[in-house]
Amino acid sequence: MRRLKDKVAVVYGNGAIGGAIARAFAMEGARIFLAGLTPVKLKAIADDVLIEGGSIETAEVDALDEQAVEKHMNEVIKKAGKVDISFNAIGVSSKDVQHTLLVDLPVANFIYPIVTYTESHFITAKAAARRMIKQGHGVIIMHTANLSQLNAPMGGGRGPAWAALEALCRGLSVECGEYGVRAVCLFSTAVPETPIIRNAFTELYEATAKGSGMSRAQFDAVVASNTHRKKLTTLKELTDAAVFVASDEGSAITGTVLNLTAGMVV
């Protein structure tokens with residue numbers, strides 16, 4: 001079933017999650033406009049989509065540059081006539097911004113993920129919402145993780161950053177909902193298939209557990225044990241949820257956080 005047939009999706013980010021979302025949306029029939037900073041990654045994702053018979057165009061766009069985002073969105077509207085879905089999947093490396101106690105964390109390192117995530121999502125959401133309001137429909141999808149609601153040490157500014165995105169999601173929904181525009185946060189655990197999370201887990205293991213003699217496998221099991229099913233959110237589970245939310249089947253879902261944490265946060 002092609003649940004996104006004839007829909008136009010703009011996806012920001014050419015990392016593991018952005019690529020997976022673009023592929024999943026394309027497989028369900030959406031026309032993809034993928035924006036990112038790394039040409040080789042953009043091409044690899046596009047090649048995957050095209051091999052499977054999907055429709056995709058790529059562009060080098062900095063999702064922190066409002067003028068660049070607006071220019072790209074204008075090009076999307078010119079080519080496709082509309083935008084049905086906006087998904088911002090940019091990521092911030094954990095290097096220097098996590099795995100340090102707050103009392104020891106420099107101010108610049110604390111605010112970096114907060115500024116980066118909130119500024120980028122505001123820019124891309126605003127660009128999409130303005131067009132969606134005019135056309136009378138659309139959905140803006142964000143992705144946040146457990147630190148926005150979970151008490152955990154050495155998370156740095158990521159928790160406040162993701163909490164801010166969830167508040168932004170609610171604000172967009174209440175302001176734009178009457179015009180047919182939805183806003184939804186997909187709320188997951190860390191997704192260990194992505195390089196950013198693999199690196200973050202390595203840093204956390206070395207900072208907190210390696211010295212005690214715990215093996216990496218034991219460490220990973222302890223992290224996963226915080227879920228009810230003893231398994232973290234997978235990339236496919238995230239993309240499946242994104243497809244559902246973006247489809248007409250998800251039309252009643254807005255202004256909320258869709259909990260994909262497998263019981264880590266209840």
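What follows draws every value from the coordinates through simple rules; no lab data is involved. The model shown is predicted, which means the values in this text are computed figures rather than measured ones. Glycine gets a Cβ as well: all are built from the backbone with ideal geometry, and neighbour counts include every protein chain shown.
Search the structure for amide H atoms under 5 Å from the amide H of Ser188, placed 1.01 Å from N in the peptide plane, and list their residues when 5 or more places away or on another chain.
When sequence neighbours closer than 5 places are left aside, the close amide H contacts are Thr144, Ala145, Asn146, Leu260.
Once you've got the Cα coordinates, tell me which of Lys95/Lys231; Lys43/Lys231; Lys43/Lys210; Lys7/Lys71; Lys7/Lys95 are over 29 Å apart.
Lys43/Lys231; Lys43/Lys210; Lys7/Lys95
I need the Debye-formula profile for the stretch 115-230: one equal scatterer per C-alpha, no solvent, reported as log10 I(q)/I(0) at q = 0.11, 0.17, 0.23 1/Å, two decimals.
Values, matching the q order: -0.48, -0.87, -1.26.
Name the long-range amide H neighbours of Thr256: under 5 Å, sequence gap of 5 or more, or other chain; modelled H, no Pro or chain starts.
Here the answer is Cys185, since their amide H atoms fall under 5 Å of that of Thr256.
For a quick check: with amide H placed at 1.01 Å from N, whose amide H comes under 5 Å from Val139's, ignoring anything fewer than 5 positions away on the same chain?
Here Ile85, Ser86, Arg182 satisfy the definition.
Could you state, as a whole-number percent, how many of the C-alpha pairs of the chain are farther apart than 34 Å?
Taking all Cα-Cα pairs of the chain, the fraction more than 34 Å apart is 16 percent.
In a Debye calculation with equal point scatterers on the alpha-carbon sites of the stretch 1-81 and no solvent, what is log10 I(q)/I(0) at q = 0.16, 0.25, 0.27 Å⁻¹?
Log-scaled intensity ratios, in q order: -0.53, -1.20, -1.33.
For Ile123, what charge total do you get from the other residues with a beta carbon under 11 Å from its beta carbon, if Lys and Arg give +1 and Asp and Glu give -1?
Its environment carries a net charge of -4.
Need one number: the % of Cα-Cα pairs in the stretch 179-266 sitting beyond the 23 Å mark.
Taking all Cα-Cα pairs of the stretch 179-266, the fraction more than 23 Å apart is 35 percent.
Suppose we keep just the alpha-carbon trace of the stretch 11-143; what are its Rg and Dmax in angstrom?
Both quantities, over Cα of the stretch 11-143: 15.9, 52 Å.
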